[in-house]
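The values are calculated or read from the model by the stated rules, or taken from the named source; none is laboratory data. Given the structure is predicted, the values throughout are model-derived calculations rather than measurements. Quick reminder, even Gly has a Cβ in these numbers, built from the backbone with ideal geometry, and neighbours come from all protein chains shown. To get the accessible areas, we keep the full protein, side chains included, count just its heavy atoms, and leave off ligands, DNA and RNA. Shrake-Rupley method; radii C 1.70, N 1.55, O 1.52, S 1.80 Å.
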Amino acid sequence: MRLITHNMLSCNIKGVTNGFPLKIEAEKVVEKEVDFNPDFLRHMFAKIEWKALVEAARSMGYAELPEDSPDATVIDSADETFLRKLHHALLELHLEEGALVCPETGRKFPVNKGIPNMLLHEDEV
Amino acid sequence: MTIRTRTNQARSLRNYRTCTLSGRYVATEQLKDSIGSFPDSRKLPFLASDSTFRISVETFGKALTFDEQRERINSLTYIPFEPILQRRIFFGREVGFADRKLLPAFQLKSRTYLGPTAMDAEMAFLMANQAKATSGKLVYDPFVGTGSILVSAARFGAMTMGADIDIRVVRDGRGPDCNVWSNFKQYGLPMPVALLRMDNNLPPWRSGLNEIFDAIICDPPYGVRAGGRKSGGRKILRGTVDPYTVPEDKRTDHIPSTGAYSLVECVHDLLHLAARMLVMKGRLVFFFPVLRDENGSEVKFPEHPCFKLVAVSEQILSSRYSRVLLTMVKVEPYSQEVEEAARLMHLEFRENHLKWLEEGNIHSSVFKPSDHSQIRADTKSFKDPKPKYRGKYV
């Protein structure tokens, strides 16, 4: 699971109001190289919850992202230093084994072979 | 030929072919006379210009070269077949041509990981085209299965993302080199951005997330070939069993039960997902099953105030059924008011659909969600090391 996915997911157990962001419990993190696509990153950047991404990247051992969300000029500038970092954090860090933990209930959503299991139990629907 | 011989002939294995004999010959000259004297009433219907013909040379106990065969065929010019096509010659400058090489390269029979409802390669490419999948775009398939639709979108350069309720399909496949990932690897395509196990009926998207996908392409599980499932257990959904609590010590490896997911619900969830998650002008491309009605009554397609239906393409499956590929474009942003209008549209669609099901014809049994496909195999067959038929759930 890449962090772009993590940034989109929340705990949707019935009654939970604050299911985002899910905490990452990392057991195995791998890095896989992905082709750099600035257009895609610019498109995605507008949709990202920045704080959640910074936090998530840190729990995966990557602390290069700035604390505060950079403004549009940084994103659109020809200097791609920031975009490269964003690229690495969003697409190249993989949570291979571990869990996503609901901040409200502590419910663990397991991540095996890179695939998060977001399915709810019968008593959570 | 009577109908009866025709039917019997179709099932015959050893009697190769039945023909009416228009002429019998020892030498070519005799054949000509023989055909000439054959009664016109039986000959002329097949010589008219609206009747097509083909001459094939077949031999017993010997082989003829291609030239010899052609000679035999040309010697039959005395049979007065009406010409069917006039030959026309075209001249022009070639501006572009279809890359038909894509299809043999991506054909399903050479793909490693397949399910019984894997989308045919040509159809998957057509779907990706309808969705305008190109580089830099994010394409989502909420019923990803073995990934056959996303493979085509990835081939056109799009980033892909897929979800499925069945963990065996998305995570395990049939082994380390036979799963959704390996299908992308096989063609040297970039891996999907994400594969998730989730229920499209209860999607875990965070609140505030919207307009993120450029296209949603899918072949929803309507139950005609692979039944749809959703969370909740059939007994709970039916109300025969009260919702129960899963014991603490069993939670980690618990496999939640699922219940039937009806066509109406499935379509509703899909439209809702698309309305919220597609960017403006983003496209929703999906199949919808229809009956081929002899009376020509108009088919009611699902509607949503956010979407404009721009293409309806029918694929005929049998004399009774076909499926249409619907292409919708998001023309209105998603809002609370829209949501209310969508709910009313959905209720109307649902009512029509239920009425149609209640008519009790053979079709209702096909489209009604059934429970006999309950995933009992969920725990059992999965431990079975033999790769069994897992059709229903892929």
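In table form, for the structure just shown:
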{"read-out": "Residue check, B:GLY23 part of a loop (DSSP other than H, G, I, E, B) and either modelled with pLDDT of 75 or more or of a type in the set (Val, Ile, Thr) (or both)", "value": "no"}
{"read-out": "Top-ranked residue in segment A:17-29 [being out of contact with any Gly (no Cβ under 8 Å at 6 or more places or on another chain) and of a type in the set (A, V, I, L, M, F, W, C); ranked as farthest from the other protein chains (Cβ to nearest Cβ)]", "value": "A:LEU22"}
{"read-out": "Segment B:187-215, subset open to solvent by less than 10 Å² (accessible area, probe 1.4 Å) and outside any loop (DSSP other than H, G, I, E, B), residue farthest from the other protein chains (Cβ to nearest Cβ)", "value": "B:ALA215"}
{"read-out": "Test: residue in segment A:60-70 that is more than 30 Å from B:ILE255 (Cβ to Cβ), buried (at least 19 other Cβ atoms within 10 Å of the Cβ) and at pLDDT below 95", "value": "yes"}
{"read-out": "B:VAL241 facing chain A (nearest Cβ under 10 Å) and at pLDDT below 75", "value": "yes"}
{"read-out": "Selection count where residues are part of a helix (DSSP H, G or I) and among the basic types (Lys, Arg), scope segment B:130-183", "value": "3"}
{"read-out": "Evaluation of A:HIS43 against (1) within 22 Å of B:ASP199 (Cα to Cα); (2) outside any loop (DSSP other than H, G, I, E, B); (3) at pLDDT below 95; (4) of a type outside the set (Lys, Arg) (one fails), failing number", "value": "(1)"}
{"read-out": "Residue within segment B:38-56 that is over 44 Å from the mean Cα position of the chain (by Cα), open to solvent by 60 Å² or more (accessible area, probe 1.4 Å) and charged (D, E, K, R) present", "value": "yes"}
{"read-out": "Options B:VAL299, B:VAL310, B:VAL324, B:VAL264: the member that is modelled with pLDDT under 95, open to solvent by 20 Å² or more (accessible area, probe 1.4 Å) and β-branched (Val, Ile, Thr)", "value": "B:VAL299"}
{"read-out": "Residues of segment B:153-172 that turn out to be within 24 Å of B:LEU103 (Cβ to Cβ) and more than 9 Å from every other protein chain (Cβ to nearest Cβ), as a count", "value": "8"}
{"read-out": "Pair list, Cβ < 7 Å and 6+ apart or interchain, from segment A:113-125 residues that are more than 7 Å from chain B (Cβ to nearest Cβ) to residues that are among the β-branched types (Val, Ile, Thr) and part of a loop (DSSP other than H, G, I, E, B)", "value": "A:GLU124/A:ILE13"}
{"read-out": "Some residue of segment B:137-145 being aromatic (Phe, Trp, Tyr) and more than 14 Å from chain A (Cβ to nearest Cβ)", "value": "yes"}
{"read-out": "Residue that is nearest to B:PHE288 (Cα to Cα) [pool: residues in segment B:327-346 that are open to solvent by 50 Å² or more (accessible area, probe 1.4 Å) and touching a Lys or Arg at 6+ places or on another chain (Cβ under 8 Å)]", "value": "B:VAL331"}
{"read-out": "Test: residue in segment A:113-121 that is open to solvent by 10 Å² or more (accessible area, probe 1.4 Å), touching a Gly at 6+ places or on another chain (Cβ under 9 Å) and assigned to a loop (DSSP other than H, G, I, E, B)", "value": "no"}
{"read-out": "Matching residues in segment A:46-61 - criterion: being closer than 21 Å to A:GLU27 by Cβ and assigned to a loop (DSSP other than H, G, I, E, B)", "value": "A:MET60, A:GLY61"}
{"read-out": "Index of the failed condition, B:CYS178 passing every other in (1) at pLDDT 95 or above; (2) surrounded by fewer than 24 Cβ atoms within 10 Å (Cβ to Cβ)", "value": "(1)"}
{"read-out": "Residues of segment A:69-108 satisfying the condition of being part of a loop (DSSP other than H, G, I, E, B) and at negative phi", "value": "A:SER69, A:PRO70, A:ASP71, A:SER77, A:ALA78, A:ASP79, A:GLU80, A:CYS102, A:PRO103, A:GLU104, A:THR105, A:ARG107"}
{"read-out": "Test result for B:LEU150, within 14 Å of chain A (Cβ to nearest Cβ) and open to solvent by less than 10 Å² (accessible area, probe 1.4 Å)", "value": "no"}
{"read-out": "Restricting segment A:71-103 to residues that are within 13 Å of chain B (Cβ to nearest Cβ) and open to solvent by 30 Å² or more (accessible area, probe 1.4 Å), the residue that is farthest from A:ALA26 (Cα to Cα)", "value": "A:PRO103"}
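Okay, residues lined up against (1) within 9 Å of another protein chain (Cβ to nearest Cβ); (2) touching an Asp or Glu at 6+ places or on another chain (Cβ under 8 Å); (3) open to solvent by less than 10 Å² (accessible area, probe 1.4 Å):
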{"position": "A:ARG2", "(1), (2), (3)": "yes, yes, no"}
{"position": "A:MET8", "(1), (2), (3)": "yes, no, yes"}
{"position": "A:ASN12", "(1), (2), (3)": "yes, no, no"}
{"position": "A:GLY15", "(1), (2), (3)": "no, no, no"}
{"position": "A:ASP35", "(1), (2), (3)": "yes, no, no"}
{"position": "A:ASP39", "(1), (2), (3)": "yes, no, no"}
{"position": "A:LYS47", "(1), (2), (3)": "yes, yes, no"}
{"position": "A:LYS51", "(1), (2), (3)": "no, no, no"}
{"position": "A:ALA56", "(1), (2), (3)": "no, no, yes"}
